[in-house]
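Bear in mind that the values in this text are calculations on the coordinates, not laboratory data. What you see is a predicted model; the values in this text were computed from it and never measured. Cβ coordinates were reconstructed from backbone atoms using ideal geometry, including for glycine residues, and neighbour counts include every protein chain displayed.
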Amino acid sequence: MRVKVRDVMTRQVVSVNGGASFKDVAEVLIAHGVSAVPVVDGEGHVLGVISEADLLRKEEFKEQYYGEGYQPPLRARLRRGLSKEGPKVRSRARGDTAADLMTIPAVTIGPYASVVSAMRLMAEHGVKRLPVAGKEGRLEGIVSRCDLLQVFLRFDADIAREVREDVLAHSLWAETSDVRATVKQGVVTLVGSMQRRSDARIAVCMVERVNGVVDVIDQIIWRQDDIPSWKRR
C-alpha cells in the first residue's frame with residue numbers, strides 16, 4: 001500500500017483571503033491553534049501562505065524600533081541575509097493585508113503525491129506544512145509533518161502482510177520462497193536464502209520502501225555473489 005498525501009491530509013482547512021487584515025489573520029492563527037494558513041482567492045485557488053513568521057516580521061521591521069537603537073537577534077539577521085528573498089522581506093513587511101504579507105509563491109503538493117515526496121518538499125523548502133492543491137490549483141487540504149508521521153504508526157501485522165504478499169511474493173522476479181519476514185515495532189527482519197546477492201539486495205531495498213518500515217535487518221544469505229567488488233557497500 002502506497003500512502004498518498006490525500007490519505008493523511010487534513011481536509012477541513014482554515015484559510016484567509018488576500019484582503020484579510022493583519023489582525024484578522026492573527027486571530028485566525030490563534031483561534032485555530034495553527035502557525036500558518038493558506039491565502040486563497042474567491043474560487044479557492046492557493047495564492048500564498050501566511051505564517052506567524054510573516055506577521056512577526058512586520059513588527060521586527062517597525063522603524064520605531066530601529067529609531068530606539070533596536071537590532072534583531074544575530075540569528076535573524078543572518079537568516080535574512082542568506083534568504084533568497086533578500087530586500088523583498090523588508091518591503092513585504094510594510095504590508096497590512098494577507099496579500100501583502102504572505103509568502104509567495106506557495107509551496108503546494110498534489111493530493112496523489114506520495115508522502116515521501118511531501119517529506120522531501122518540506123525539507124527542501126524548510127516548511128512544516130504544505131497546502132494540498134488539486135489540478136486547477138484549488139485548495140483541497142493541508143498536510144503537516146505530524147500528518148506524515150502517521151505512516152509510521154501502521155500495525156506490525158499490516159507491514160508484515162505487505163512485505164510478504166506484495167513485495168516478496170509478487171514484486172520480485174527472483175525466487176523468494178525461502179525468505180521469511182518478521183516485524184517488530186516497524187523493524188523488518190528478513191531471514192532465509194536466495195540464489196544471487198544482487199536479488200537479495202533488491203529485496204531489502206524494496207522492503208525499505210514500504211510505508212511504516214523503520215528499518216530492515218538483512219539476514220538473507222546468498223549462494224552466488226554476482227555483484228562486482230566496486231559496487232559493493
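Run down the aspartates and glutamates and flag those whose C-alpha is under 20 Å from the C-alpha of residue 135, throwing out any fewer than 8 positions away in its chain.
In chain and number order, the partners are 7, 41, 43.
I want the local charge near residue 138. Using Cβ-Cβ distances under 10 Å, sum +1 for each Lys or Arg and -1 for each Asp or Glu among the other residues.
Spelling it out: positives minus negatives among the neighbours equals -3.
Run down the aspartates and glutamates and flag those whose C-alpha is under 17 Å from the C-alpha of residue 184, throwing out any fewer than 8 positions away in its chain.
156, 158, 162, 208, 215, 218
Apply the Kirkwood formula to region 115-233: the hydrodynamic radius equals the inverse of the mean of 1/r over all pairs of different alpha-carbon atoms; give it in Å with one decimal. Show your work: numbers first, answer last.
Working: mean 1/r = 0.0614 Å⁻¹.
The answer is 16.3 Å.
For residue 206 and residue 174 in the same chain, what is the full-extension length gain: residue separation times 0.36 nm, less their Cα-Cα distance, in nm?
Full extension of this stretch gives 10.2 nm more.
What's the FRET efficiency of residue 146 with residue 231 using the Cβ-Cβ distance as r and R₀ = 25 Å, to the nearest 0.05?
Result of the calculation: an efficiency of 0.05.
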